[in-house]
Amino acid sequence: MSELSRWEDLFREGNLKELSLGAMKVTREHFGNSVFLRGLLEYSNYCSCNCFYCGIRRDNGRVERYRLDDDMIYAAVDSGFIRGLRTFVLQGGEDPEFGTDRMCRVVREIKRRTGDAAAVTLSCGILSRESYAALKDAGADRYLLRFETADTELHSYLRDGVSLERRLKALEDLRSLGFQTGSGFMVGLPGEDDELILRNIRLARKLELDMIGIGPFIPHPATPLRDAPQVPLEKTLLATALLRLFCPRAHIPATTAAGSLEPDGREKMLSCGANVLMPNISPVEVKPHYLLYPGKICLDEDGLHCIGCLGGRVAAVGRKLSFDRADGLICKRRDRVEAGT
Ligand code: SF4
């Protein structure tokens, strides 16, 4: 039996103790005790898509919609940069007002203001290969596009007709253009069993991702999945530990959704192999309107103040915060192989 099959069996048995011990050994080998910070900026909650699980889906008429203007984005980046952040993640719905030209302008300006010392990560959904190429040319370093589930039928259903194939094609475009590429999935979607979670983890490994975001599915009351049962956080913790063992070099965030489900959910993810935290540096007045799921934490706090709080939480599990921009290890290795060094 291979090592990975043995870990899979421990996952099926629900043996969190063994899995997390193994995951932490691997995490320390590759990242030491560091937990890397990424400043998250939610620039728009308009979305032309209608994903069944998402609180800001197009058809949710109860959402108060907002868009940050460019100066608000730069002000948040400037404050974060002064505080020491060296990665900014710009996340929004698929919003036509933030077309390719505008996003390129924003990326260029962030790079200029930070003297190229900060990495820019984008998370703006599926775009054409040409748009991705333009964003790369403008200076974007990384791109996040979760596949959410490896099951083709469940994917089309949850994404209101968008196929998994289309999403994987977008990820391939991103990787071939030289982006550090991130994806991920939710744990506990309706219709999901342990074998599907294992397929999600195997797909993440196959995609050789630099970053993998996973988190518990939390049913939102204004979506078609409002009555779906809440799966306990433990399942996400088991998946996090197994993911670390399958993808030793990937950056794995301890997601806000875990902290929303249980007060120490992020610390628990850190103890299962996660190595990234993402303080939300969006202006406090818009934070309550970017609710992909209910019960989201830290809505009335300035993200920069969150950094102090996160430092304490990280120390409580024997780790330390790092402001390093921490580029993707897999991408770096790929570059070295291609350069023949
Ligand atoms: S998950 Fe993303 S693409 Fe889907 S509706 Fe929500 S914001 Fe839009």
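Does any residue of the stretch 266-279 turn out to be surrounded by fewer than 22 Cβ atoms within 10 Å (Cβ to Cβ), in contact (Cβ under 8 Å) with a residue 40 or more places away in the chain and not polar (S, T, N, Q)?
yes
Each row is one residue, and each column tells you yes or no for (1) free of Cβ contacts under 8 Å to residues at least 12 places away in the same chain; (2) of a type outside the set (Gly, Ala, Ser).
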{"position": "TYR46", "(1), (2)": "no, yes"}
{"position": "ASN50", "(1), (2)": "no, yes"}
{"position": "LEU68", "(1), (2)": "no, yes"}
{"position": "VAL77", "(1), (2)": "no, yes"}
{"position": "LEU85", "(1), (2)": "no, yes"}
{"position": "ASP95", "(1), (2)": "no, yes"}
{"position": "ARG105", "(1), (2)": "no, yes"}
{"position": "GLY115", "(1), (2)": "yes, no"}
{"position": "GLY125", "(1), (2)": "no, no"}
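How many residues does the stretch 176-206 contain that are assigned to a loop (DSSP other than H, G, I, E, B), touching a residue at least 24 places away in the same chain (Cβ under 8 Å) and among the acidic types (Asp, Glu)?
Going through the stretch 176-206 one residue at a time, the tally reaches 1.
Mind checking whether some residue in the stretch 160-180 is within 13 Å of the ligand (Cβ to nearest atom), touching a helix residue (DSSP H, G or I) at 6+ places or on another chain (Cβ under 6 Å) and on the phi < 0 side of the Ramachandran plot? Steps first, answer last, please.
Filtering the stretch 160-180 down to residues within 13 Å of the ligand (Cβ to nearest atom) leaves 160-162, 166-167, 170.
Going one step further and asking which of them are touching a helix residue (DSSP H, G or I) at 6+ places or on another chain (Cβ under 6 Å), we end up with none.
Within the stretch 160-180, none of the residues are within 13 Å of the ligand (Cβ to nearest atom), touching a helix residue (DSSP H, G or I) at 6+ places or on another chain (Cβ under 6 Å) and on the phi < 0 side of the Ramachandran plot.
Just one of ASP116, ASP78 is surrounded by fewer than 22 Cβ atoms within 10 Å (Cβ to Cβ), modelled with pLDDT of 95 or more and over 21 Å from ALA257 (Cβ atoms); which is it?
ASP78
Within the stretch 154-175, can you find the residues that are more than 18 Å from the chain's Cα centre (by Cα) and in contact (Cβ under 8 Å) with a residue 60 or more places away in the chain?
Once the filter is applied, which keeps residues that are more than 18 Å from the chain's Cα centre (by Cα) and in contact (Cβ under 8 Å) with a residue 60 or more places away in the chain, the stretch 154-175 yields TYR157, LEU158, ASP160, VAL162.
Is the stretch 153-160 home to any residue that is of a type in the set (Ser, Thr, Tyr), in contact with a strand residue (DSSP E or B) (Cβ under 7 Å, 6 or more places away or on another chain) and either buried (at least 21 other Cβ atoms within 10 Å of the Cβ) or not in a loop (DSSP other than H, G, I, E, B) (or both)?
Looking through the stretch 153-160, none of the residues is of a type in the set (Ser, Thr, Tyr), in contact with a strand residue (DSSP E or B) (Cβ under 7 Å, 6 or more places away or on another chain) and either buried (at least 21 other Cβ atoms within 10 Å of the Cβ) or not in a loop (DSSP other than H, G, I, E, B) (or both).
Just for the stretch 1-46: of the residues that are within 16 Å of the ligand (Cβ to nearest atom) and crowded, with 20+ Cβ neighbours inside 10 Å, which one is nearest to ARG202 (Cα to Cα)?
Initial filter on the stretch 1-46 (within 16 Å of the ligand (Cβ to nearest atom)): 40-46.
Narrowing further to those that are crowded, with 20+ Cβ neighbours inside 10 Å: 40-45.
On the way: LEU40: 27, LEU41: 30, GLU42: 30, TYR43: 32, SER44: 32, ASN45: 31 Å.
Looking at the filtered set, the residue picked out is LEU40.
Just checking, does the stretch 71-92 include any residue being over 25 Å from PRO224 (Cα atoms) and within 16 Å of the ligand (Cβ to nearest atom)?
Yes, that holds for at least one residue.
Could you run through the stretch 208-232 and say how many residues are aliphatic (A, V, I, L, M) and touching a strand residue (DSSP E or B) at 6+ places or on another chain (Cβ under 6 Å)? Outline the logic, then answer.
Filtering the stretch 208-232 down to residues aliphatic (A, V, I, L, M) leaves 209, 211-212, 214, 218, 222, 225, 228, 231.
Applying the additional criterion that residues be touching a strand residue (DSSP E or B) at 6+ places or on another chain (Cβ under 6 Å) yields 209, 211-212, 214.
So the answer is 4.
The values are calculated or read from the model by the stated rules, or taken from the named source; none is laboratory data. Only a predicted model underlies this, so the values are computations on that prediction, with no experimental measurement involved. Glycine also receives a Cβ, built like all others from the backbone with ideal geometry; neighbour counts cover every protein chain displayed.
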